[in-house]
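S.K.: Before I ask anything, here is the structure I am working with.
The values are calculated or read from the model by the stated rules, or taken from the named source; none is laboratory data. Everything numeric in this text was worked out from a predicted model, so none of it was measured. When we count neighbours, we look across all protein chains shown, and the Cβ atoms used for this are built from the backbone with ideal geometry, even at glycine.
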Amino acid sequence: MNPSSPDSHPAIEFRNVWLSFDDKPALIDVSLRLERQEMIFVTGASGSGKSVLLKLAMGLLKADEGQIFVEGREIETLDESELLAIRGGSMGMVFQEDSLFSGLSVYENAAYRLEEHGWSPTQIEQGVTEVLRFVGLTGEEDKLPEQLSGGMKRRLEIARGLMGWPSIMLFDEPTTMLDPIVAAQVLELIIRARDINKISSLYVTKKTQEIPYLAGFCAFRDNEGEIEVREAPAGQLPRTSVMVLEGGKIVFTGSVEQFQNSDLPAIKELRSLDVHDHSADPYYPDPWDKRRKPRTKIL
């Protein structure tokens, strides 16, 4: 592999990163490496620095100290046009809050990112059609966001992040405030995008029950080219790890199994926030099939 090729570097790397707001530390000496086709789950209590970490990775915030690299390029050395090119080409982001343009249609919301980066009308039409089909929004192109359900809005947010099929995706608590069925749809979309398109991702969540599900299920193509999400065989588990932040510091890094078995106070506190028994939660092999019949899943 060419050492100067983007593929020869981690997707994202933080080296001893510090950031404060009004002298209050937000991140303290954070180092991480997101490898190619890896998903890192970033978790921790509210205010622990999770969303700040994502904004630093996108260059929306600037670190006080340390270095941040995206595909081998140190983003602190890039000008705004170079940062925009990375955000538009290499990276996609799904924000925690609603960031859709209320006055634009589904099609226009999806196309916005491609228009910003100079795609031709023909390329935009092909790209939007492909991604809207991927997220199950075919036929909804002319609707405004106010005409969509909460789940459809979230799928459109994901579609916009996936436009151009970036190699890196950043997810900031994408299932917040969603009901269980819609959350299942979103998680399946994330699995499909991750595995079929070989995406590297940072996935921020406080819902610890999502972690073993995203780590234990994979998307596969069958002989007809159809995509199915199912529990992954032992030898085909996705590449995942967990990072726990507390007060801006990394207090745990390890495998999903190590995370689940940890007695670390910060992790026990996260688990205590979820009092629901998820053992009987429904799992839908195809969440958009109106004839769907749930089966038990490991969530």
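S.K.: Answer with yes or no whether GLY136 is modelled with pLDDT under 90 and under 30 Å from VAL30 (Cβ atoms).
M.R.: So GLY136 does not fit the description; no.
S.K.: Next question, about the same structure. Between residues in segment 34-47 that are closer than 11 Å to THR205 by Cβ and residues that are of a type outside the set (A, V, I, L, M, F, W, C) and part of a loop (DSSP other than H, G, I, E, B), which pairs lie under 6 Å by C-beta distance while being six or more apart or on different chains?
M.R.: THR43/THR205
S.K.: Here is a follow-up. Could you please tell me which pairs satisfy a Cβ distance under 7 Å, a separation of 6+ or placement on different chains, a first residue in segment 6-27 that is touching a residue at least 12 places away in the same chain (Cβ under 8 Å), and a second residue that is of a type in the set (Ser, Thr, Tyr) and in a strand (DSSP E or B)?
M.R.: So the pair list comes out as ALA11/SER200; PHE14/SER31; ARG15/SER31; ASN16/SER31; ALA26/SER20.
S.K.: Restricting to segment 191-215, give me the number of residues that are touching a helix residue (DSSP H, G or I) at 6+ places or on another chain (Cβ under 8 Å) and part of a strand (DSSP E or B).
M.R.: Qualifying residue count for the region: 4.
S.K.: Another question about this same structure. Only residues that are assigned to a loop (DSSP other than H, G, I, E, B) and either surrounded by 21 or more Cβ atoms within 10 Å (Cβ to Cβ) or touching a residue at least 60 places away in the same chain (Cβ under 8 Å) (or both): list them for segment 85-98, please.
M.R.: SER90, PHE95, GLN96
S.K.: Kindly provide the set of residues from segment 22-37 that are part of a loop (DSSP other than H, G, I, E, B) and under 20 Å from the mean Cα position of the chain (by Cα), ordered by number.
M.R.: Those that are part of a loop (DSSP other than H, G, I, E, B) and under 20 Å from the mean Cα position of the chain (by Cα): GLU35, ARG36, GLN37.
S.K.: Within segment 245-276, which residues are surrounded by fewer than 12 Cβ atoms within 10 Å (Cβ to Cβ) and within 21 Å of the chain's Cα centre (by Cα)?
M.R.: GLU257
S.K.: Right, something else. Among the residues of segment 102-155, write down those that are within 22 Å of LEU178 (Cβ to Cβ), more than 20 Å from the chain's Cα centre (by Cα) and surrounded by fewer than 19 Cβ atoms within 10 Å (Cβ to Cβ).
M.R.: Result: SER102, THR138, GLY139, GLU140, LYS143, LEU144, PRO145, GLU146, GLN147, LEU148, SER149.
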